[in-house]
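S.K.: I am attaching a structure below and will ask some questions about it afterwards.
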Amino acid sequence: MVSGDRSRETIERITRAAVEIFSEKGFDGARVDAIAGRAGVNKATLYYHIGDKDALYRMVLRNVITDTVDQIESALSSLSAPEEKLRAYVRIFAGSAADNPGMAPIMMRELASGSKNLPDEIALIYGRTIDLVTEILEEGIRQGVFIKVSPLLIYVMVAGGVVLYRLTDSVRERLAVEAGKHYDVEGAEEEGIIREIETIIMNAVMKRGMNGEAE
């Protein structure tokens, strides 16, 4: 049991270090010895528990994305109304982005490079997140509560909301100091940001009557 606990602890340290290094350097710039050093292990230990850099990168991405998809699917299975499903999707997806800040720079670097290092299995899991919001929106359209909108754009708005907000932290801090301007979301803690994104998304998709109220 002690050996198993130590192995899990070692893998967790390696994973945390990998997220930090990949977010700082990207896949191409990350070095296995740097990840091992930050995790406090030698390279042999890293290779034994995880594998090479490709395997480590896959694991980092898969852990977060798979967990997010599993949470969304579990939540949707207990809900019936498409409005409730979309709210759950937004909150879980945006919450995952907020809870895993290291993933934002990793994915931004990956997208900027043309996704050249993104493993096929990870791309397929990402595709599932788009499939899920597509299914929710189509159900809402059939029931007459949603207007027709692009599922991909809704996905981008949800996924990018928290990510881009956090990536602009340093710029907004500079503007606050140098120009005296504050570009923050009211209640800028993570819950406030997620709630704001949820409101924007729901306002974008809800079908409205002649009086402008959601039907």
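S.K.: Just name the residue that is modelled with the highest pLDDT out of those in segment 1-27 that are surrounded by 11 or more Cβ atoms within 10 Å (Cβ to Cβ) and farther than 21 Å from I65 by Cα.
M.R.: T10
S.K.: Being in contact (Cβ under 8 Å) with a residue 60 or more places away in the chain and either closer than 21 Å to I154 by Cα or in contact with a helix residue (DSSP H, G or I) (Cβ under 8 Å, 6 or more places away or on another chain) (or both) is the requirement here; does L56 meet it?
M.R.: no
S.K.: Limited to segment 140-172, what total is found for residues that are of a type outside the set (A, V, I, L, M, F, W, C), over 16 Å from M206 (Cβ atoms) and at pLDDT 85 or above?
M.R.: Here the count works out to 1.
S.K.: Something else about it: Name every residue in segment 42-70 that is of a type in the set (V, I, T) and either over 26 Å from L118 (Cα atoms) or part of a helix (DSSP H, G or I) (or both), in order of residue number.
M.R.: T45, V60, V64, I65, T66, T68, V69
S.K.: Now for a different question. Kindly check whether there is at least one residue in segment 30-48 that is closer than 19 Å to Y155 by Cα and either surrounded by 17 or more Cβ atoms within 10 Å (Cβ to Cβ) or in contact (Cβ under 8 Å) with a residue 12 or more places away in the chain (or both).
M.R.: Within segment 30-48 (the criterion being closer than 19 Å to Y155 by Cα and either surrounded by 17 or more Cβ atoms within 10 Å (Cβ to Cβ) or in contact (Cβ under 8 Å) with a residue 12 or more places away in the chain (or both)), the answer is no, since none of the residues qualifies.
S.K.: Also: So which residues in segment 149-184 are closer than 22 Å to I72 by Cα, outside any helix (DSSP H, G or I) and touching a helix residue (DSSP H, G or I) at 6+ places or on another chain (Cβ under 7 Å), if there are any at all?
M.R.: Selection gives V149 alone.
S.K.: Is it fair to say T129 is in contact (Cβ under 8 Å) with a residue 40 or more places away in the chain, crowded, with 19+ Cβ neighbours inside 10 Å and under 30 Å from R31 (Cβ atoms)?
M.R.: Values: in contact (Cβ under 8 Å) with a residue 40 or more places away in the chain: yes; crowded, with 19+ Cβ neighbours inside 10 Å: yes; under 30 Å from R31 (Cβ atoms): no.
Spelling it out, it is not the case that T129 is in contact (Cβ under 8 Å) with a residue 40 or more places away in the chain, crowded, with 19+ Cβ neighbours inside 10 Å and under 30 Å from R31 (Cβ atoms).
S.K.: Considering each of E24, E73, E84 in turn, give the residue that is farther than 27 Å from L111 by Cβ, charged (D, E, K, R) and either part of a helix (DSSP H, G or I) or not assigned by TED's automatic domain parsing to the domain that holds I130 (or both).
M.R.: Matching residue, one of E24, E73, E84: E84.
S.K.: Another question, if that's okay. For the subset of segment 165-186 comprising residues that are touching a residue at least 12 places away in the same chain (Cβ under 8 Å) and among the aliphatic types (A, V, I, L, M), which member is farthest from A98 (Cα to Cα)?
M.R.: Within segment 165-186, the match that is farthest from A98 (Cα to Cα) is V185.
S.K.: Can you find a residue in segment 86-95 that is within 17 Å of the chain's Cα centre (by Cα), crowded, with 18+ Cβ neighbours inside 10 Å and free of Cβ contacts under 8 Å to residues at least 40 places away in the same chain?
M.R.: Looking through segment 86-95, at least one residue is within 17 Å of the chain's Cα centre (by Cα), crowded, with 18+ Cβ neighbours inside 10 Å and free of Cβ contacts under 8 Å to residues at least 40 places away in the same chain.
The values are calculated or read from the model by the stated rules, or taken from the named source; none is laboratory data. All values reported here derive from a predicted model rather than from experimental measurement. Methodologically, a virtual Cβ is constructed for each residue, glycine included, from the backbone with ideal geometry; neighbour enumeration extends over all protein chains shown.
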